[in-house]
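S.K.: One structure follows; several queries about it will come next.
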There are 2 protein chains.
Amino acid sequence: MTRLLLLSSSNVHGHGYLDHAAAELQDFLGPRRRVLFVPFALHDHAGYTEKVRERLAPLGLTVEQLLAGPEARAQVEAAEAVFVGGGNSFRLLADLYRLGLIEPLRARVVAGTPYIGSSAGTNLAGKTIGTTNDMPIVHPPSFVGLGLLPFNFNPHYLDPDPASTHKGETRDARILEFHELNPQPVLALREPTMLRREGDHLGLRGAAGARLFRRGQAAIELAPGSDLDELLRE
Amino acid sequence: MTRLLLLSSSNVHGHGYLDHAAAELQDFLGPRRRVLFVPFALHDHAGYTEKVRERLAPLGLTVEQLLAGPEARAQVEAAEAVFVGGGNSFRLLADLYRLGLIEPLRARVVAGTPYIGSSAGTNLAGKTIGTTNDMPIVHPPSFVGLGLLPFNFNPHYLDPDPASTHKGETRDARILEFHELNPQPVLALREPTMLRREGDHLGLRGAAGARLFRRGQAAIELAPGSDLDELLRE
């Protein structure tokens with residue numbers, strides 16, 4: 001049974017790092033005490049892991065750093081739970097392809113290992129990273145992600161600002177361009193929003209809601225707590 | 001002699017399409033009356049070309065659409081001037097690679113054909129598209145652009161907003177991430193800003209200025225009209 005907890009953001013205005021997600025994270029992990037952390041989306045892997053370690057220790061969780069070397073595959077295969085941190089989605093994906101970890105990670109999660117993702121880690125769980133907000137700082141061999149869900153994400157979603165004088169494309173305009181070339185839906189998560197999958201059940205968590213963009217259709221507002229099971233049958 | 005006129009944006013708040021650039025564009029093109037338009041960054045090539053045709057007709061300019069087929073190479077080789085329009089930089093680059101047009105286009109411009117770019121067309125002129133704001137809606141075989149300048153661009157540059165409550169990365173933070181993996185400078189152009197190259201001379205145009213990001217250094221503010229010749233010697 002595939003189990004996912006996907007955060008739009010690890011930081012939310014007015015809260016400390018991961019504070020808004022701590023209770024949900026504890027509920028999601030249940031009795032598990034060891035988390036394999038994937039720090040590849042940021043440059044400083046050890047520093048990033050230490051930050052997560054310090055934050056999760058008070059929750060009774062032990063954090064192991066996934067290493068960018070030959071031992072990584074065995075680490076993935078032994079993982080009790082996986083947390084993929086945010087940062088740059090291109091860098092994260094490029095490292096996972098380079099290390100041959102895409103398939104082992106997918107297999108592990110499909111077999112039931114709980115997967116937590118934040119921002120880039122949430123993008124990774126989707127079909128492709130084609131709706132990331134990140135800059136393409138490195139060229140991965142593909143934009144295809146873990147495909148743990150049959151759609152894409154847009155984390156850190158920002159509603160269009162009718163008062164804006166900026167002429168760069170809005171987030172909505174960019175997603176429309178995505179749909180000119182790609183069929184899958186895009187779930188746009190405002191920052192405090194989380195998505196939880198428990199097998200055949202998919203639900204929104206957090207107070208801010210989300211927007212669902214389907215090709216050729218007007219975007220739909222999804223209220224906090226919405227049941228999204230039907231999205232698993234795309 | 002390489003001649004470039006690169007716009008951050010074809011639209012600027014309070015102005016019609018290309019209005020802010022019309023006088024500079026006329027001065028840049030001089031006696032040339034025919035422009036080959038590259039519409040690949042948007043989905044509707046014919047519609048996009050028509051929009052540009054209508055806007056440039058009052059300036060006495062004739063617009064030819066670059067076609068996405070086998071005739072494209074001959075069109076590039078016969079061009080009197082080239083205008084690469086804005087849209088999605090990944091789509092633009094993917095089409096140019098697919099059609100084998102990167103080298104012919106670069107050769108033509110290096111040989112002296114004036115090149116006008118806007119937004120994605122400006123990114124294309126740089127070393128890579130690694131600092132685009134666009135979503136990766138299609139996977140090009142490389143992020144390497146025309147390399148008509150030895151640095152990258154960030155068009156539609158937005159200064160960090162100290163009042164923001166949004167926790168997605170700022171533009172500056174994203175450029176910093178770019179420099180963790182790439183050495184070349186990034187010239188960030190606010191929307192009304194243009195860059196003009198005439199051989200060994202490089203200068204900012206427009207009233208809003210720009211910011212220059214060099215790896216490992218604090219960003220530098222560049223005043224309107226700045227002489228940037230030294231950037232050609234990177």
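S.K.: Surrounded by fewer than 21 Cβ atoms within 10 Å (Cβ to Cβ), among the β-branched types (Val, Ile, Thr) and away from chain B (no Cβ under 14 Å): is that true of A:Ile102 in this structure?
M.R.: Details: surrounded by fewer than 21 Cβ atoms within 10 Å (Cβ to Cβ): yes; among the β-branched types (Val, Ile, Thr): yes; away from chain B (no Cβ under 14 Å): yes.
Criteria met by A:Ile102.
S.K.: Can you name every residue in the range B:192-234 that is within 15 Å of B:Ala125 (Cβ to Cβ) and β-branched (Val, Ile, Thr)?
M.R.: B:Thr193
S.K.: Is it fair to say B:Glu64 is surrounded by fewer than 21 Cβ atoms within 10 Å (Cβ to Cβ), at pLDDT 95 or above and within 21 Å of B:His156 (Cα to Cα)?
M.R.: no
S.K.: Exactly one of (1) assigned to a loop (DSSP other than H, G, I, E, B); (2) free of Cβ contacts under 8 Å to residues at least 12 places away in the same chain; (3) not charged (D, E, K, R) is unmet by A:Val12. Its number?
M.R.: A:Val12 satisfies all of (1) assigned to a loop (DSSP other than H, G, I, E, B); (2) free of Cβ contacts under 8 Å to residues at least 12 places away in the same chain; (3) not charged (D, E, K, R) except (2).
S.K.: Condition first: over 23 Å from B:Phe178 (Cα atoms) and within 11 Å of another protein chain (Cβ to nearest Cβ). Now tell me which residues in the range A:148-158 satisfy that.
M.R.: Once the filter is applied, which keeps residues that are over 23 Å from B:Phe178 (Cα atoms) and within 11 Å of another protein chain (Cβ to nearest Cβ), the range A:148-158 yields only A:Asn152.
S.K.: Go through the range B:112-147 and count every residue that is more than 7 Å from chain A (Cβ to nearest Cβ), of a type in the set (A, V, I, L, M, F, W, C) and closer than 28 Å to A:Ala120 by Cα.
M.R.: So the answer is 3.
S.K.: Does B:Glu230 count as more than 12 Å from every other protein chain (Cβ to nearest Cβ), part of a strand (DSSP E or B), at pLDDT 95 or above and more than 23 Å from B:Gly86 (Cα to Cα)? It would help to see each step written out before you state the result.
M.R.: Details: more than 12 Å from every other protein chain (Cβ to nearest Cβ): yes; part of a strand (DSSP E or B): no; at pLDDT 95 or above: yes; more than 23 Å from B:Gly86 (Cα to Cα): yes.
No, not satisfied.
S.K.: Please identify the pairs in which a residue from the range B:175-199 that is modelled with pLDDT under 95 has its Cβ atom under 8 Å from the Cβ atom of a residue that is assigned to a helix (DSSP H, G or I), counting only partners at least 6 apart or on another chain.
M.R.: Matching pairs, first to second residue: B:Pro192/B:His20.
S.K.: Could you list, in sequence order, the residues of the range B:130-165 that are under 15 Å from A:Gly168 (Cβ atoms) and surrounded by 15 or more Cβ atoms within 10 Å (Cβ to Cβ)?
M.R.: Answer for the range B:130-165, where residues must be under 15 Å from A:Gly168 (Cβ atoms) and surrounded by 15 or more Cβ atoms within 10 Å (Cβ to Cβ): B:Thr131, B:Thr132, B:Asn133, B:Asp134, B:Met135, B:Phe153, B:Asn154, B:Pro155, B:His156, B:Tyr157, B:Leu158.
S.K.: Given the structure, is A:Thr113 of a type in the set (S, T, N, Q), within 15 Å of the chain's Cα centre (by Cα) and closer than 30 Å to A:Arg98 by Cα?
M.R.: Details: of a type in the set (S, T, N, Q): yes; within 15 Å of the chain's Cα centre (by Cα): no; closer than 30 Å to A:Arg98 by Cα: yes.
Criteria not met by A:Thr113.
The values are calculated or read from the model by the stated rules, or taken from the named source; none is laboratory data. Keep in mind the model is a prediction, meaning the values are calculated, not measured. Here the Cβ is made from the backbone with ideal geometry for all residues, glycine too, and neighbour counts use every protein chain on show.
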